[in-house]
Each structure stands twice: as structure tokens, then as C-alpha cells.
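J.: Handing you this structure, nothing more for now.
Every number in this text was worked out from the coordinates using simple rules, so none of it is lab data. Predicted model, so just to flag it, every value in this text is computed and none were measured. Heads up, the Cβs are rebuilt from the backbone with ideal geometry, glycines too, and the neighbour counts pull from every protein chain shown.
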Amino acid sequence: MKIAVTGKGGVGKTTLAATLARLYGEEGKKVLAIDADPDANLASALGVAAEGLAALKPIAEMSWLIEERTGQRPGAPGGLYRLNPRVDDIPEEFGLRIGNNTVLLATGKSKEAASGCYCPENVLLRRLLKHLMTERDEVVVIDMEAGIEHLTRGTARGVDAFIVVVEPGQRSMQTARLVRGMALELGVQKVFAVANKIKSGADLQFVEKALEGMPLLGAISYDPLVIEADIGGQAPFAASEKLRREVGAIKEEIERRIGRPGN
């Protein structure tokens, strides 16, 4: 099962991605939690301690690895490099193990990759993401930045559930509709929404109407415990039983719509 989570900055996509990864790990599933957001907050949301955070380096910042795998160092002028570098060992070699079943990997994103250039670091990141989404049998949960820049047509075919996290507000809903359109153009088959920071039935009604037919997997209530955990650098899923219960229901809805993971 491959799940990609995105949304406008601050809507809670990292909280959802981390909690889904944890719930699958607690079930005994093998999980790859991928932080593809340059802000790199997934580790904190998963409850990784300070020493673990220091040990986790984004792949995009490993110039030596990029040169080793592609044959060219980032920023080097001209030259030839491999377009299909080896990436299958990267999660195990450079990921951070969390508990018995979960591995966290940070991809990062270079300035060159952000521009869409065909440069060695971008080639490695795109090949890695395609490998993670189409060639692995673990549960993969990827915390994306506010968009779909990491996805290509080849990668998009491996996404089982593309989830856009929204909150009550026009800008959040505009982002959701834009991202949905881009994802569908890339060939993502199943694009869903999750409502977060819901304080009332009116909030939920607003979201449902503004989604314009985008399937809603469920809702997560506004919870001061989640806010306090974030401020304190703690894992939200460990601070709030309500969060675990509501994301658990969203997880069940994902499985109802696309099936349960096999491992």
C-alpha cells in the first residue's frame, strides 16, 4: 500500500502521515515513512528523539552519494551522468529505524530539483521515489510538500491513495482543488480528502460543500493536545487518544476503499 499525503502548509498533513505510519507499524506491518517535505518535520511527529534527528540527513544533501550513484557531483558544470542510478539499498542504508517495523527516510529537495531541471540530484530523487512507490512491498507513507512536485507520471501510477488534508478555510480548499486536478492529470487514480481542525458540524459541512465532490475519508477534530505536542516537539499520536481514534477510523476507510496491505 502506497499513501501520499499533501496539503497547504499548516493544515496538519504531517500529523496525519505520522499517525498513519505509526498505526500500521503497531499492526506489525513493515512501514517506510518518507519525509519529502523540505521542512522535514515528520521525524518529530513520529516521536524521534534529538539524537535521532541529528543522525537523519536528507538524501538531497548527500553530495557524495549523488556523485557515487549518478557519476556527477551536484552543481558540476556539464558532463554525463547515469539516468537510472541504483537506489534499492538507500532506505536500509540511510533510513532511521523507529521501533521494530518502521523506517524513516528523508529525501529533501534541492533548489535545482525544485526548478525541475534534469540534474543528477533530481534524477536520483525521482528514481528513488519511483522505486519506493512502485517497486517496494512495504506500506509506504510519504509526507509531501504542499503540492505534487515530487510526483512523475511513472511514480503516480504507484500511488494507491493520494490524500489532500484540508481545514475550514477558502485558501485550504483552493489548494486542495488545484492539487487534485494536477494529481489526476498525472494519472493518480484515487484522490481523497481528510478534514482537519474541525470544531463543529458547521465546519465539516463547509468542507464537504467546498470539496466539490472530492471523496472525504473522514475528519480530525481540533485538539489542544495536538497543538501542545507540536509546540513541545512531541509526537501528537502519543499525546491524544482522540487523534489516534479518529485517524484509525480514516485508516479503516482507506482500506475499505482500496484494500488492506498484504505484508
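J.: Can you spot the lysines whose alpha carbon is less than 28 Å from residue 2's alpha carbon? Ignore those fewer than 8 places along the same chain.
T.: 13, 29, 30, 57, 109, 111, 130, 190, 197, 209, 242, 251
J.: Return the whole-Å distance between the Cα centroid of segment 7-77 and the Cα centroid of segment 186-249.
T.: Cα centroid to Cα centroid, the span is 21 Å.
J.: What range in the chain is the longest one free of GluC sites (Glu not before Pro) that are in a loop by DSSP and have at most 12 other Cβ atoms within 10 angstrom?
T.: Numbers: sites that count: 135, 212.
That gives 1-134 as the longest site-free run.
J.: Lys/Arg Cβ at +1, Asp/Glu Cβ at -1, dipole of the chain taken about the Cα centre: which of 218, 53, 184 is farthest positive-ward?
T.: 184
J.: Counting pairs of alpha carbon atoms under 8 Å apart in space and at least six apart in sequence, what relative contact order in percent does segment 27-179 give?
T.: It rounds to 31 percent for segment 27-179.
J.: So for segment 1-117, averaging the separation of alpha carbon pairs under 8 Å that are six or more residues apart and normalising by length, what relative contact order in percent results? Walk me through the numbers before you get to the answer.
T.: On the way: 133 pairs, mean separation 37.0, N = 117.
32 percent.
J.: Between 0 and 90 degrees, rounded to the nearest ten: what's the tilt of helix 170-186 against the longest Cα principal axis of the chain?
T.: Once rounded, the angle reads 50 degrees.
J.: Same structure, new question: Among DSSP bridges having both ends in segment 1-124, what percentage is antiparallel? Round to the nearest 5. List each step's numbers first, then the result.
T.: Details: 3 of 8 bridges.
Expressed as a percentage, antiparallel bridges in segment 1-124 total about 40.
J.: Among DSSP bridges having both ends in the chain, what percentage is antiparallel? Round to the nearest 5. Each step should come with its number before you reach the end.
T.: On the way: 3 of 30 bridges.
In the chain, approximately 10 percent of DSSP beta bridges are antiparallel ones.
J.: Turning to a different aspect of this structure: Can you give the relative contact order of the chain as a percent, counting alpha carbon pairs under 8 Å and 6+ residues apart? If you can, show how the numbers build up before the last one.
T.: Details: 492 pairs, mean separation 68.1, N = 263.
Relative contact order, the chain: 26 percent.
J.: Right, next: Using only DSSP helix segments of four residues or longer, with each worth -39500 (n - 2.57), what per-residue ellipticity at 222 nm results for the chain after dividing by its residue count and rounding to 500? Walk me through the numbers on the way to the answer.
T.: Working: 13 runs with 117 residues, N = 263.
Taking each H run of at least 4 residues, the total per residue is -12500 deg cm²/dmol.
J.: What do you get for the angle between helix 13-26 and the principal long axis of the chain? Use alpha-carbon atoms, 0 to 90 degrees, nearest ten.
T.: That helix lies at roughly 90 degrees to the long axis.
J.: When we measure straight from the Cα of residue 199, which aspartates and glutamates land under 15 angstrom away, once same-chain ones fewer than 8 places off are left out?
T.: Partners within reach: 167, 208, 223, 246.
J.: Can you tell me the 0 to 90 degree angle between the C-alpha axis of helix 241-258 and the longest principal axis of the chain, rounded to 10?
T.: In the chain, helix 241-258 runs at an angle near 70 degrees to the longest axis.
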